[in-house]
Amino acid sequence: MPHSPDVPPPQTPWQDTPPQSLPTPDPALAALQAFYPATSPTTSNPEAEAKGQDYVWNASQYQQKNAFVFQMAEGVLRLLDPKPGEQILDIGCGTGQLTARLADAGIQACGLDASPDMLAQARQNRPDIPFTLGDVRSFRLHQRFDAIFSNAALHWVAEHDQVAAAVYYHLKPGGRFVAELGGIGNLAAMIEAIEAVLKKDYGLRPNQLKKLNPWTFPTLGQFAVALESQGLQVVESRLFERLTPLADGEKGMQNWLEAFLKSYWQALPAQAQPIAIEKVIQRLKPMWYDRFEGKHWCVDYVRLQIKAIKPKLLQP
């Protein structure tokens, strides 16, 4: 559907157009509910399309087998410090468990995700909450928020400055952005094991492996620069290790590898994929299985938490 340039974006008394321009809303969608996006997900970086936004998720498996993603969000929720009545957007909301927690606490919460399957599951879980399809790098909603929140999503995209521009646009002056994502060093042992197997046993070259890696794990400085380059002011940040147990006992690592690393396996012939996964599992087992009582796998997470504010008034 073509975009019309004669429908202006919503304005506020502040001059708060983000430093990076965003697409003009589509007037045909403007009459829909306030939380509905007015543009389709887009990206200007073809190589980055392999990183997360085009990832095909099995929402049911994600919700059942990888619940730790939203169960370990207490720290970032404390950093968000939501208040009843606030309007909060959860970007990269997945199946919507954290959006639902916010709504149950009296927040006017809504969620945005790039995966239709994730959103279908989120809407099935909570039909009373607005969930909408959108790319975290380029979404455009007819709404400004007291806070924008993200958990375990933004390492799936490389263009964190584009995320920051979209966040800046949608925050009210004085609004806050709070996020947790994988930081530098996240999953280092897992990635080393996978790439060693694919290089040694299947002949993949380093440049091929780099393209297959679906993640971008920034340093604190890199992520802070991305936010501040778009006008946000970082007020709190930290990087920390979180050794994380997986569900399903001995099958936990297989479930995790299949859920989160399809980009690697899809580079191999179909018949080779389960063999490669098993080789990675055997390589990891001495160090990462039975680290917790009860025969669990675990993964070497390093998390980046950050809080930034949109200034109430721009400096002259």
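The values are calculated or read from the model by the stated rules, or taken from the named source; none is laboratory data. Because the structure is a prediction, the values reported are computed rather than measured. Reconstructed Cβ throughout: ideal geometry from the backbone, glycine too, with neighbour counts over all protein chains shown. Ligands, DNA and RNA are excluded from the accessible area calculation, which covers all protein heavy atoms including side chains. Shrake-Rupley method; radii C 1.70, N 1.55, O 1.52, S 1.80 Å.
Summary of values
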read-out: Residue match in the range 151-169 (condition: open to solvent by 30 Å² or more (accessible area, probe 1.4 Å), in contact (Cβ under 8 Å) with a residue 24 or more places away in the chain and touching a Phe, Trp or Tyr at 6+ places or on another chain (Cβ under 8 Å)); value: no
read-out: Some residue of the range 304-316 being within 26 Å of Gly203 (Cβ to Cβ) and either exposed (fewer than 15 other Cβ atoms within 10 Å of the Cβ) or hydroxyl-bearing (Ser, Thr, Tyr) (or both); value: no
read-out: Per-region count, the range 181-194, residues touching a residue at least 40 places away in the same chain (Cβ under 8 Å) and either more than 11 Å from Val302 (Cβ to Cβ) or open to solvent by 10 Å² or more (accessible area, probe 1.4 Å) (or both); value: 7
read-out: Condition check for Leu227: crowded, with 21+ Cβ neighbours inside 10 Å, within 30 Å of Leu313 (Cα to Cα) and touching a Gly at 6+ places or on another chain (Cβ under 8 Å); value: no
read-out: Selection status of Ser237, open to solvent by 50 Å² or more (accessible area, probe 1.4 Å), of a type in the set (Ser, Thr, Tyr) and either modelled with pLDDT of 95 or more or under 30 Å from Asn207 (Cα atoms) (or both); value: yes
read-out: Residues of the range 122-143 classified as touching a Ser or Thr at 6+ places or on another chain (Cβ under 7 Å) and open to solvent by less than 30 Å² (accessible area, probe 1.4 Å), total; value: 6
read-out: Conditions (1) open to solvent by 10 Å² or more (accessible area, probe 1.4 Å); (2) at pLDDT 95 or above; (3) within 28 Å of the chain's Cα centre (by Cα); number of the one not met by Val280; value: (1)
read-out: Number of the exception - Gly175 against (1) open to solvent by less than 20 Å² (accessible area, probe 1.4 Å); (2) within 29 Å of Lys279 (Cβ to Cβ); (3) of a type in the set (Gly, Ala, Ser); value: (2)
read-out: Condition broken by Lys307, with the remaining ones in (1) farther than 30 Å from Pro82 by Cα; (2) of a type in the set (Lys, Arg); (3) in contact (Cβ under 8 Å) with a residue 40 or more places away in the chain satisfied; value: (1)
read-out: The range 250-269 residues that are open to solvent by 20 Å² or more (accessible area, probe 1.4 Å), paired with ones that are part of a helix (DSSP H, G or I) and at pLDDT 90 or above (beta carbon under 6 Å, 6 or more apart); value: Ser263/Leu212; Ala267/Leu212
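Each row is one residue, and each column tells you yes or no for (1) modelled with pLDDT of 95 or more; (2) touching an Asp or Glu at 6+ places or on another chain (Cβ under 7 Å).
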| position | (1), (2) |
| --- | --- |
| Ser115 | no, no |
| Pro127 | yes, no |
| Ala165 | yes, no |
| Tyr168 | yes, no |
| Arg176 | yes, no |
| Gly182 | yes, no |
| Lys200 | yes, no |
| Leu209 | yes, yes |
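Conditions (1) modelled with pLDDT under 95; (2) under 16 Å from Ala193 (Cα atoms), marked per residue:
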site	(1), (2)
Leu212	no, yes
Val225	no, no
Glu250	yes, no
Ala259	yes, no
Trp265	no, yes
Met287	yes, yes
Ala308	no, no
Leu314	yes, no
